[in-house]
Amino acid sequence: MRLFAAVLPPAPAIEELAAEVAQLKRLPAADRLRWAGRDSWHFTLAFYGEVHGETVPELSERLARAARRRAPYELWIAGGGRFADRVVWAGADGDRPAMRLLADAATAAGRRAGLTMDEQHRPYTPHLTLARNRVPGLDLRPYATALKDFTGPAWTVGALALVCSHPPVPGAAGTQPRYETVGTWPLGH
């Protein structure tokens, strides 16, 4: 299974972002981007990659422990940007230090469960992927600029989720990965 730990935004935050994305889709060349569906919007905390089924119970136990040790915190979707000219993303604001600590705990849980984790030490940047670009030379700056002042409704992050990513159907044009929540654990309980 291809797994990752994530924070899943609630419906009101998704709805507000969907309205903003509808505006982005009106920008020139928006039809040349591959837009992620709202059911795939999440903030990845730790990416585990391919995980054998027998490892999932231990990983789940360690994620539950990590969640219990972290208090709920306030977050909202805010701003956005781009990764070069490959990805358009929405950002997060609120208690970002708490989110970083939760991401560190989810990464440690994977490592302790015996998973090989990416050891690159780059700062954790919470982001939610909105669109991917596969067209050389397409400038994504207008999308990042349009997202700059976006602020969605605040919510209390109260759970850590383990999510399975199912790849798109091979050979079927326009299909997206499908995400399935494998488990959730409340923060602070």
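The values are calculated or read from the model by the stated rules, or taken from the named source; none is laboratory data. Computed from a prediction, not measured in an experiment: that's the story for all the values here. Here the Cβ is made from the backbone with ideal geometry for all residues, glycine too, and neighbour counts use every protein chain on show. SASA here: full protein model, heavy atoms, side chains in, ligands and nucleic acids out. Shrake-Rupley method; radii C 1.70, N 1.55, O 1.52, S 1.80 Å.
Is it true that some residue in the range 164-180 is open to solvent by 30 Å² or more (accessible area, probe 1.4 Å), at pLDDT 95 or above and not aliphatic (A, V, I, L, M)? No - not one qualifying residue is present in the range 164-180. Listed by position, the strands (runs of 3 or more DSSP E) contained in the range 1-112 that have at least 3 residues being over 17 Å from Ala161 (Cα atoms) and either of a type outside the set (A, V, I, L, M) or more than 18 Å from the chain's Cα centre (by Cα) (or both) are 33-35, 73-83, 87-94. Could you grab me the full set of residues in the range 25-48 that are touching a strand residue (DSSP E or B) at 6+ places or on another chain (Cβ under 7 Å), open to solvent by less than 60 Å² (accessible area, probe 1.4 Å) and closer than 19 Å to Val87 by Cβ? Of everything in the range 25-48, those that are touching a strand residue (DSSP E or B) at 6+ places or on another chain (Cβ under 7 Å), open to solvent by less than 60 Å² (accessible area, probe 1.4 Å) and closer than 19 Å to Val87 by Cβ turn out to be Leu33, Trp35, Ala36, Ser40, Trp41, His42, Phe43, Thr44, Leu45, Ala46. A count restricted to the range 128-169 and to residues that are more than 18 Å from Thr44 (Cβ to Cβ) and in a strand (DSSP E or B) stands at 3. The C-beta contact set for the range 72-86 (first residue touching a residue at least 12 places away in the same chain (Cβ under 8 Å), second residue part of a strand (DSSP E or B) and open to solvent by 60 Å² or more (accessible area, probe 1.4 Å), distance under 6 angstrom, 6+ apart or interchain) comprises Pro72/Thr156; Glu74/Thr156; Trp76/Asp93; Ala78/Asp93; Ala78/Thr151.
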